[in-house]
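The values are calculated or read from the model by the stated rules, or taken from the named source; none is laboratory data. Just so it is clear, the structure is predicted and the values come from calculations on it, not from any experiment. A quick note on method: Cβ atoms are made from the backbone with ideal geometry, for glycine too, and the neighbour counts reach across all protein chains shown.
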Amino acid sequence: MASMRDIKRRKGSIQSTQQITKAMKLVSTVKLQKAKNRAEQTNPYFNYMYQTVTSMLAKSGTISHPYLNKGTSAKKAVIVITSNRGLAGGYNSNITKLVTGSDALPAKDVEVYAIGNKGKEALERRGYKVKMDGSGIIESPSYADAAELCKKVLGDYTAGEIGEIYLAYTHFKNTVSHEPRLIKLLPVEFDGDETERAAESNVLMNYEPNEEEALDMIIPKYVTSLFYGALVEAVASENGARMQAMDSATSNAEEMISDLTLKYNRARQGSITQELTEIIAGASAIS
């Protein structure tokens, strides 16, 4: 059985840790409120952007354009959005598992555009090549950051260095629910419902002045919008996950402190009982 001194020392250590987890929970709660409001305000726009562009392209018939045709390269780009810091439960590991567990993304064919140190480090350990490290973006994402990332990735795509573009991020549903997602950005793919509606309409999309100029403007804005929406949702999801993790850690620390307090009191009672027994035994021996 541990001594009273050991129990007291361990209890003090856990109390110090509990103070840290409480502080981190409060910080994450404040950050979450700001990030949540931002995500809720921007999410409808990016959902409609995705639906509008995919619907438009589904009604466009067969168009030959660098952004719509699958590249000749077998390499696949994956923009992986994680955090720069840990202590967020399974937030970062879920994204890593999503990428490594996908049959469509074997390590030998993937080039990672990493947004967040945790995802970058985890994928490097698993043999993935990190082509770009933009971890600073996740600290305070802006539309300009998303546009710069889009320019880089689309440049590699049109240059033939990569043949497909994927995006891995965490979708923010609500404060306690976050869903890892992997979506294919280019070439654009349509679901069955969208293709069926386009076929039923029998109306092809007209472009003015021409298809190439219109798509040169539309596709980069479409990809940039999805990048930015993913960044905003990822920040909200990270803070929500960290708030939950720190809340659980604080509760666990409270249980451990209660358990150690009980053990300390038992040890103290046993010590007092032993001392009384020794005093009584000594008095009996003298008499």
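Determine which member of the set Ala77, Ala35 is aliphatic (A, V, I, L, M), outside the structural domain of Asp145 (by TED's automatic domain parsing), modelled with pLDDT of 85 or more and surrounded by 14 or more Cβ atoms within 10 Å (Cβ to Cβ).
Ala35
Kindly indicate which of Thr62, Thr21, Thr17 is at pLDDT 85 or above, polar (S, T, N, Q) and more than 22 Å from the chain's Cα centre (by Cα).
Matching residue, one of Thr62, Thr21, Thr17: Thr17.
State whether the residues of region 65-73 include one that is modelled with pLDDT under 90, among the basic types (Lys, Arg), closer than 28 Å to Ala230 by Cα and surrounded by 14 or more Cβ atoms within 10 Å (Cβ to Cβ). Spell out how you get there, then give the answer.
Step one: of region 65-73, the residues modelled with pLDDT under 90 are 65-73.
Still in the running and among the basic types (Lys, Arg): 70.
Narrowing further to those that are closer than 28 Å to Ala230 by Cα: 70.
Among the residues that remain, those that are also surrounded by 14 or more Cβ atoms within 10 Å (Cβ to Cβ) are: none.
No, there is no match, as no residue in region 65-73 is modelled with pLDDT under 90, among the basic types (Lys, Arg), closer than 28 Å to Ala230 by Cα and surrounded by 14 or more Cβ atoms within 10 Å (Cβ to Cβ).
Restricting to region 77-101, name every residue that is within 22 Å of Ile162 (Cβ to Cβ) and not in a helix (DSSP H, G or I).
Ala77, Val78, Ile79, Val80, Ile81, Thr82, Gly101 - these are the residues of region 77-101 that are within 22 Å of Ile162 (Cβ to Cβ) and not in a helix (DSSP H, G or I).
Within region 86-96, is even one residue surrounded by fewer than 22 Cβ atoms within 10 Å (Cβ to Cβ), hydrophobic (A, V, I, L, M, F, W, C), at pLDDT below 90 and closer than 24 Å to Leu186 by Cβ?
No: zero hits.
Which members of region 15-32 meet the condition of being crowded, with 16+ Cβ neighbours inside 10 Å and of a type in the set (A, V, I, L, M, F, W, C)?
Residues satisfying the conditions are Met24, Leu32.
If you check every pair at least six apart or on different chains, which have Cβ atoms under 8 Å apart with a residue in region 138-154 that is part of a helix (DSSP H, G or I) first and a residue that is loosely packed, with under 14 Cβ neighbours inside 10 Å and among the β-branched types (Val, Ile, Thr) second?
none
Any idea which residue in region 169-213 is modelled with the highest pLDDT, counting only those that are among the acidic types (Asp, Glu) and not in a loop (DSSP other than H, G, I, E, B)?
The selected residue is Glu179.
Got a sec? Which of Thr54, Thr21 is in contact with a Ser or Thr (Cβ under 6 Å, 6 or more places away or on another chain) and touching a residue at least 60 places away in the same chain (Cβ under 8 Å)?
Matching residue, one of Thr54, Thr21: Thr21.
Would you check if Ala104 is farther than 19 Å from Leu149 by Cα, more than 21 Å from the chain's Cα centre (by Cα), not hydroxyl-bearing (Ser, Thr, Tyr) and not in a helix (DSSP H, G or I)?
Working: farther than 19 Å from Leu149 by Cα: yes; more than 21 Å from the chain's Cα centre (by Cα): no; not hydroxyl-bearing (Ser, Thr, Tyr): yes; not in a helix (DSSP H, G or I): yes.
No, not satisfied.
Tell me, please, whether a residue that is in contact with a Phe, Trp or Tyr (Cβ under 8 Å, 6 or more places away or on another chain), crowded, with 18+ Cβ neighbours inside 10 Å and within 27 Å of Asp216 (Cα to Cα) can be found in region 113-128.
no
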